[in-house]
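See below for the structure under consideration.
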Amino acid sequence: MASLLIKNGRVLSPEDNLDGELDLLVEDGVIRQVAPRITARVDETIEARGHVVAPGFIDLHCHLREPGGEISETIETGLAAAVAGGFTAVCAMPNTRPVNDSPEATRTLVEKARRVGLARVFPMAAVSLGSQGESLTDFATLVAAGAVGFTDDGRPVKTAGLMEQALERAGGLDVPIADHCEDPGLSAGGVMNEGPISERLGLRGIPNSSEETCVARDLDLAEATGAHLHVQHVSTAGAMEMVRTAKRQGIRVTCEVTPHHFTLTDEAVAQYGTNAKMNPPLRSARDVGAIIAGIMDGTVDAFATDHAPHAPELKQKLMSEAPFGIIGLETALALALTQLVHPGRISLAHLVVLLSTNPARIIHQPLGRLTGGGTGDITIFDPNLEWTYRATEGRSKSRNSPFDGWKFIGAATATIVAGKIVYRRS
Ligand SMILES: [Zn+2]
Ligand SMILES: [Zn+2]
């Protein structure tokens, strides 16, 4: 019987009304006891004084690239990056080659991840076959195979008609439809945010309207169907306001934002080049302000990395030719602490809600808690640890990050999945 005792940490689980210096005992992968000064004979002890002991972090949005993109990431390297960033579980997007649109592909992914034995993988399967936007995948068998939601990420669900069908079918299964909201016609080959900076740099812009028209479409359909819509990587002030209003109206909508969208503006493109090229693009200072306001007032439900690894030979190209996306699993917690918690914008408890409690709810998993009898998925982090991020020292197979060389305050120190220590910061 494997047992682990975590001593003297600040146990912080908003869902369980826990916030205090407590010990936590995990046996056989299950949390047995949370109490002051537990004495028990155990296999392993972690001294966590000065650290926060939180329910395991769940990333609702990452790209593991396997199968088909192993040059940039594998399930193994992606999950190694995940646990180093404090994530005990990740939702893998379906835009691999081939696309995850079949129960076999979903099962293979889950089984491979289990063999790797680091973070859990909860697949999001494709909404449409091949994510081509023509016909729906078989939602029921995909859910039975392990899918926790559906998305055609990388692109939006193509038509309003298909989106309506998807919401109706997902509603019956009680899983979310997650959408990458974009109107390709309005994006029209753009490579960065449309505005004064894109004009100055002479680059094609992607207007805010590209995201907002799609969010408006999806919210209308969520209202009509009563199904759960999850808006991925919200990046504009207008989209944030629409989600806020929809929530007030009782529409079943949740949303995520990425650390890069609450940290950087489109000015970063001039400095970081293709490592600041992502979709949706980095936006204006006004949009970043609205994203942060949405985080602070609870409109934003979750942080998600949109970890999008690309090998150097793919990413080191002209702005117009490089693929969209940056890696993010190993910097998400540090960016949230450094940009939001330490400046007093959100509390540590709110951070845990955004990284664990709410993501667990959105994908309907019995996680995000530290309650007796619950799963022993735990993230321990030092909110005050000062360190410098070096992409070359990361566990991801790729290096495409604008945050290379940035100084951060706060890092994961131990990541525990089902009672097993899968990462320790040395
Ligand atoms: Zn996307
Ligand atoms: Zn994505």
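The values are calculated or read from the model by the stated rules, or taken from the named source; none is laboratory data. This one's a predicted model, so the numbers in the text were calculated from it and none came from an experiment. As a convention, Cβ positions derive from the backbone with ideal geometry for all residues, glycine included, and neighbour counts pool all protein chains shown. Just so you know, the surface numbers come from the protein's heavy atoms only, side chains and all, with ligands and any DNA or RNA stripped out. Shrake-Rupley method; radii C 1.70, N 1.55, O 1.52, S 1.80 Å.
Quick notes on this one:
- Positive minus negative residues near residue 55 (Lys, Arg vs Asp, Glu; Cβ under 14 Å): -1
- GNM result for the chain, Cα springs below 10 Å: residue of 43, 59, 382 fluctuating most strongly: 43
- Among 120, 399, 97, the residue with the largest mean-square fluctuation in a Gaussian network model of the chain, with springs joining Cα atoms closer than 10 Å, is 97.
- Residue-count net charge about residue 193 - beta-carbon cut-off 14 Å; Lys, Arg +1, Asp, Glu -1: -3
- Summarised as an ellipsoid, the range 282-349 has semi-axes of 28, 15, 10 Å, derived from the eigenvalues of the Cα gyration tensor scaled by 5 and square-rooted, with the largest first.
- Solvent-accessible surface of the chain, taken per residue with a 1.4 Å probe and all protein chains present: 37 Å².
- Rounded to the nearest 20, the size of the Cβ-charge dipole of the range 365-408 about its Cα centre is 180 debye, with Lys and Arg at +1 and Asp and Glu at -1.
- For the pair the range 5-40 and the range 143-178, the centres of their Cα atoms are 37 angstrom apart.
- Cut-off 13 Å (backbone N to label point 7 Å along Cα→Cβ of residue 364), residues of the range 121-146: 139-146
- Selection among 260, 234, 288 by position relative to the dipole of the range 228-288 gives 234 as farthest towards the positive end (Cβ unit charges, Cα centre).
- Sorted peptide list for 170-182, 101-113, criterion being average Cβ within 10 angstrom, highest first: 170-182, 101-113
- Between residue 286 and residue 174, the contour length at 0.36 nm per residue exceeds the Cα-Cα span by 36.8 nm.
- Candidates 278, 93, 124: whichever shows maximal mean-square fluctuation once the chain is modelled as a Gaussian network with Cα springs under 10 Å: 278
- Spacing of the two label points (7 Å from each Cα toward its C-beta) at residue 104 and residue 204, in nm: 3.7
- Entry note, the chain: the mean residue ellipticity at 222 nm calculated from DSSP H runs of n ≥ 4, each adding -39500 (n - 2.57), is -8000 deg cm²/dmol after division by the residues and rounding to the nearest 500.
- log10 of Debye I(q)/I(0), alpha-carbon scatterers only, for the range 1-43 at 0.15, 0.30, 0.31 Å⁻¹: -0.34, -1.07, -1.11
- With each label modelled as a point 7 angstrom along the Cα→C-beta vector, the residue 297-residue 2 pair spans 4.5 nm.
- When you count the other C-beta atoms within 10 angstrom of each residue and take the mean per peptide, 144-157, 66-79, 327-340 line up highest first as 327-340, 144-157, 66-79.
- Overall form of the range 117-181 per C-alpha gyration tensor (a/c, 1.5; a/b vs b/c): prolate
- Couplings for the range 126-134, taken from phi via the Karplus curve 6.51 cos²θ - 1.76 cosθ + 1.60 with θ = phi - 60°, read 6, 5, 10, 4, x, 6, 8, x, 9 Hz in order; Gly and Pro are left as x.
- P(r) weight above 40 Å for the chain, C-alpha pairs, percent: 11
- Overall form of the range 43-118: prolate. Here a/c, set by the Cα gyration tensor axes a ≥ b ≥ c, is 1.5 or more, and a/b is the larger of a/b and b/c.
- A simple spin-label model places the labels of residue 384 and residue 420 3.4 nm from each other, with each point 7 Å out along Cα-to-Cβ.
- In this structure, residue 245 and residue 41 have a Cβ-Cβ separation that, at R0 = 41 Å, corresponds to a calculated FRET efficiency of about 0.15.
- Accessible surface of the chain, 1.4 Å probe, proportion on carbon and sulfur as whole %: 48
- Using a Förster distance of 25 Å, the FRET efficiency for residue 392-residue 319 (Cβ separation, nearest 0.05): 0.65
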